[in-house]
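Just so you know, all these numbers are worked out from the coordinates, no wet-lab data involved. In this text, all values refer to a predicted model and were calculated from it rather than measured experimentally. Cβ: placed from backbone, ideal geometry, glycine included. Neighbour counts: every protein chain shown.
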Amino acid sequence: MPLSRVLLSIFLALVSITPLPADETARPAKVRVVKDRSGWVLKVNDKPFYIKGIACNEGLLDGVDYLKLVAAAGANTVRIYGDAAPEYLDLARQHGLMVNVGFWTNAIRLHSKESYRNPLHTLELKKKILAYVRWLKDHPAVLAWTLGNETFIFSDAEEERRAYGRFLEDIVKAVHQEDPNHPVIYASSYTRCLPYLKKFVPSIDIIGVNVTGGAGPAISWAERNDFDRPVIVTEFAPLGSWETRQDANQMPYDPFDQFKADTYLSSWRQMQANPRSCIGGFAFVMGGFRNQDSLTWYNMNYGELRRAGYWMVRELYTGRKPENRPPKIVDFFVDPKSGLKPGSWTSVRVRVSDPESDPLTYDYFLTNIAKDPLIVEKAAFFPGGVRSSEPGAAEVQVPQEQGTYRIYVGIKDGKGNIAIADRTVRVD
């Protein structure tokens, strides 16, 4: 998610006077990528280090220690997209995690007032990035820097993409000079940014690729296109909302948890099948609510509760199967789905099984639908009545305002697990 301008302004005001906490036993890690006869290898203090990562922007939030959950899933690294601070790094280190520290660089849309063709903008941004690096580079949890996330492809004008490439090459060189101990990554949307990276940013250390559904072709792009760099799958995630079919209300169909869990498995296998070039990856995503088309499209967690994707990633990273598996939703029906009057009621029914036959509890709620799946919006929850007739069956009251909403069922097993499904309803 984009860096908060307010937080960034506060950070820049404090960075020159706020030192990292003193720790005489801590030293910054020396991280480098080397190529030997087996292929590319990431080394931390001269020891091979394969990234088993999870993307998670939040450390402590609303009483939940998300980095504790990340570590419990068997991860050794966490990716944060921006607004990193020593407190986040301290918490990561406490849980035995390295941190891929991000700095968000905005894509230039047609309505944007910024431009990478404006030397005043690029000079100011360069100062901010170098101050950020200078502030955090000596923290022992820092593994690498990710400068930019899908910026090339979501900049509308070709001139801006080229200008961004020239800026990125300049800033990568400057970061190398400021901090020779940590490599620099750029995160591409699948392979779409990589031609620009190859042409304009030869100093980049590691290619990052964000993928949904499968990682294989993205990982092999560099080798097929004579761009000799190691690859990190900076996001491997379930299918995006733009890749699934439309439902009866012409909204993206949100797959069930088990289908999403299986996509983590597919991507991981493809990463393992490319050991010469791939040096690890980050499962996407854990942390607070992310309203991207649906509130629960991506998260492997729901607060402290764990979904099927969480357990799949833990098994991939540790080889250990879950001690208790989450419920499995077989189907979720809503009737009627459309033509509802404001404040009226719709019937919902869910078919579910639990591997351990744990007693289950059911929660139902409604939210708005995010307007842009690429932008994380704050969810609006709509209070409404729920009339339960039996486990897995209820009537739910829809909002008073016209519009299309998502209605959710969350099924808990009392053992720290949850299964979630949603369907859309339209109020006319």
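For each pair in Lys199/Lys378; Lys127/Lys199; Lys68/Lys328; Lys128/Lys371, compute the distance between the two Cα atoms and list the pairs where it is over 28 Å.
Beyond 28 Å between Cα atoms: Lys199/Lys378; Lys128/Lys371.
Determine the gain in length on full extension of the stretch Arg245-Lys113; use 0.36 nm per residue of separation and subtract their C-alpha separation, reporting nm with one decimal.
In short, 44.0 nm is gained.
At 222 nm, what value in deg cm²/dmol follows for the chain if DSSP H runs of at least 4 each add -39500 (n - 2.57) and the sum is divided by all its residues, to the nearest 500?
-8000 deg cm²/dmol
Relative contact order for region 328-427: what percent, with Cα pairs under 8 Å and sequence separation of 6 or more?
Once divided by the residue count of region 328-427, the mean separation gives 36 percent.
How large is the dipole of region 113-262 about the Cα centre if only Lys and Arg carry +1 and Asp and Glu carry -1, each at its Cβ, rounded to the nearest 20 debye?
Here region 113-262 has a charge dipole of around 500 debye.
Quick one: what are the phi-derived ³J(HN,Hα) couplings along region 105-115, Karplus 6.51/-1.76/1.60 with θ = phi - 60°, whole Hz, x for glycine and proline?
With the stated coefficients, region 105-115 comes to 10, 5, 5, 9, 8, 4, 8, 6, 8, 8, 7 Hz.
Within region 340-389, report the trypsin sites (Lys or Arg not before Pro) that DSSP leaves as loop and that have at most 14 other Cβ atoms within 10 Å.
Lys371, Lys378
So if we plug the beta-carbon distance of Ile375 and Gln94 into 1/(1 + (r/R0)^6) with R0 = 30 Å, what FRET efficiency do we get, rounded to 0.05?
0.40
Find how much the distance from Glu395 to Glu356 grows on full extension, using 0.36 nm per residue of separation minus their present alpha carbon separation; answer in nm with one decimal.
Gain on extension, Glu395 to Glu356, equals 11.3 nm.
Can you grab the distance from the C-alpha centre of region 182-200 to the C-alpha centre of region 56-101, Å, no decimals?
25 Å
Using +1 at the C-beta of Lys and Arg and -1 at the C-beta of Asp and Glu, which of Met300, Tyr81, Val233 has the Cα lying farthest in the positive direction of the dipole of region 5-318?
Farthest towards the positive end: Val233.
If r is the Cβ-Cβ distance from Ser38 to Ser203 and R0 is 30 Å, what FRET efficiency results, to the nearest 0.05?
Computed FRET efficiency for Ser38 and Ser203: 0.75.
Mind listing the long-range amide H neighbours of Ser388? Cut-off is under 5 Å, sequence gap 5 or more, other chains count too, H placed in the peptide plane at 1.01 Å from N.
Close amide H contacts, sequence-distant or interchain: Glu395.
Could you tell me which label, among [x] 20.4, 60; [y] 22.4, 67; [z] 23.9, 76, carries the value of Rg and Dmax of the Cα atoms in Å calculated for this structure?
[y]
What relative contact order, as a whole-number percentage, does region 62-186 give when Cα pairs under 8 Å and 6 or more residues apart are counted?
27 percent
Using 0.36 nm per residue of separation minus the Cα-Cα distance, give me the extension gain between Gln177 and Ala72 in nm, one decimal.
That works out to 34.2 nm of additional length.
What is the calculated FRET efficiency for Glu323 to Phe382, with r their C-beta to C-beta distance and R₀ = 35 Å, to the nearest 0.05?
The computed FRET efficiency comes out at 0.45.
Can you grab the distance from the C-alpha centre of region 352-410 to the C-alpha centre of region 287-311, Å, no decimals?
14 Å
Charges on Cβ only, +1 for Lys and Arg, -1 for Asp and Glu, centred on the Cα centroid of the chain; of Tyr116, Ile329, Leu194, which one is farthest towards the dipole's positive end?
The one lying farthest along the dipole's positive direction is Leu194.
Hey, got the dipole for region 328-427? About the Cα centre, +1 on K and R Cβ, -1 on D and E Cβ, debye to the nearest 20?
Dipole magnitude for region 328-427 comes out near 300 debye.
Within region 412-428, list the residues whose amide N lies under 15 Å from a label point set 7 Å along Cα→Cβ of Tyr253.
422-424
Quick one: dipole size for the chain, taken about the Cα centre, charges +1 on Lys/Arg Cβ and -1 on Asp/Glu Cβ, in debye to the nearest 20.
So the magnitude is around 920 debye.
Just add up the charged neighbours of Tyr132: K/R +1, D/E -1, any other residue whose Cβ is under 12 Å from the Cβ of Tyr132.
Summing Lys/Arg as +1 and Asp/Glu as -1 gives +2.
Which whole-number percent is the relative contact order of the chain (Cα, under 8 Å, 6+ apart)?
14 percent
Would you order Ile219, Ile204, Ile232, Ile153 from fewest to most other beta-carbon atoms within 10 Å of each residue's own beta-carbon?
Ile153, Ile204, Ile219, Ile232
Assuming a ≥ b ≥ c are the square roots of the Cα gyration tensor eigenvalues, decide whether region 328-427 counts as rounded (a/c under 1.5), prolate (otherwise, with a/b larger than b/c) or oblate.
oblate
Can you sort Ser241, Ser115 from fewest to most other Cβ atoms within 10 Å of each residue's own Cβ?
Least crowded to most crowded, the residues run Ser115, Ser241.
Picking from Val348, Ile418, Ala380, whose Cα lies most toward the positive end of the charge dipole for region 328-427 (charges on Cβ: Lys, Arg +1; Asp, Glu -1)?
Projecting each Cα onto the dipole axis, the largest value belongs to Ala380.
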